[in-house]
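The values are calculated or read from the model by the stated rules, or taken from the named source; none is laboratory data. Keep in mind that this is a model prediction, so the values were computed, not measured. Here the Cβ positions follow ideal geometry from the backbone for every residue, glycine too, while neighbour counts run over all protein chains shown.
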């Protein structure tokens, strides 16, 4: 990677690029132009070239991009060359759905341990993942070498749990609550608010013709 600071919008597109490059590689495609790639991923070619420029020279004029090399490059940027183990806190309806999905076959990310307060499920396994008491969180993090946690808990519990996670060295939190978390500047929070996303979609549908 170059020393340029990669914009957050660019970083959000990297998994899309990697996914479609993997599709192309699996189909036996060896090279592709930015225009062809643009048509495939539905992102304009100027944006693609600008995104790629943050990582140096990835293609050749008149040739385009080597699909396999580009796929492997972005796999490394996204840490797809090794397994990333994450923890899940909250095994309610949403948490259970995440455990059922567990990113299997999609990438090298796996929920390895889960935590809850429900005595009925503590000590059991869900889709092969052991569920521990949330009281054991610090002990498990001390030996688990985790960097990322998923919060799927009631909003009023989110900040307290985030504080505990930060103290144990967690560097990234995927927050499925509507509450905004206060964390140190070196801890990243990705908030996924399904209600907001749906409301935005409703707005886009209603005012589609007025949007630029």
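Listing for the model above:
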read-out: Neighbours by Cβ (under 7 Å, 6+ apart or cross-chain): first from the stretch 39-56, touching a residue at least 40 places away in the same chain (Cβ under 8 Å) and on the phi < 0 side of the Ramachandran plot; second part of a helix (DSSP H, G or I) and surrounded by 12 or more Cβ atoms within 10 Å (Cβ to Cβ); value: 51/10; 51/13; 54/10
read-out: Strands (runs of 3 or more DSSP E) wholly inside the stretch 122-212 containing at least 2 residues that are closer than 18 Å to residue 96 by Cα; value: 129-133, 148-151, 172-175
read-out: Residue that is under 20 Å from the mean Cα position of the chain (by Cα) and exposed (fewer than 12 other Cβ atoms within 10 Å of the Cβ), where the choices are 151, 194, 181, 165; value: 194
read-out: Among the candidates 23, 37, residue that is over 30 Å from residue 155 (Cα atoms) and buried (at least 18 other Cβ atoms within 10 Å of the Cβ); value: 37
read-out: Criterion: more than 19 Å from the chain's Cα centre (by Cα), buried (at least 16 other Cβ atoms within 10 Å of the Cβ) and free of Cβ contacts under 8 Å to residues at least 12 places away in the same chain - qualifying residue of 131, 122; value: 122
read-out: Filter result for residue 95 (part of a helix (DSSP H, G or I) and out of contact with any helix residue (DSSP H, G or I) (no Cβ under 8 Å at 6 or more places or on another chain)); value: yes
read-out: Residue match in the stretch 58-75 (condition: surrounded by 16 or more Cβ atoms within 10 Å (Cβ to Cβ), under 24 Å from residue 11 (Cβ atoms) and in contact (Cβ under 8 Å) with a residue 60 or more places away in the chain); value: yes
read-out: The listed residue being under 23 Å from residue 148 (Cβ atoms), exposed (fewer than 12 other Cβ atoms within 10 Å of the Cβ) and either within 17 Å of the chain's Cα centre (by Cα) or free of Cβ contacts under 8 Å to residues at least 60 places away in the same chain (or both), out of 94, 88, 78, 83; value: 83
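For (1) modelled with pLDDT under 90; (2) more than 21 Å from residue 174 (Cα to Cα), each residue gets a yes or a no:
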{"site": "1", "(1), (2)": "yes, yes"}
{"site": "21", "(1), (2)": "no, yes"}
{"site": "31", "(1), (2)": "no, yes"}
{"site": "36", "(1), (2)": "no, yes"}
{"site": "41", "(1), (2)": "no, yes"}
{"site": "60", "(1), (2)": "yes, yes"}
{"site": "65", "(1), (2)": "no, yes"}
{"site": "80", "(1), (2)": "yes, no"}
{"site": "87", "(1), (2)": "no, no"}
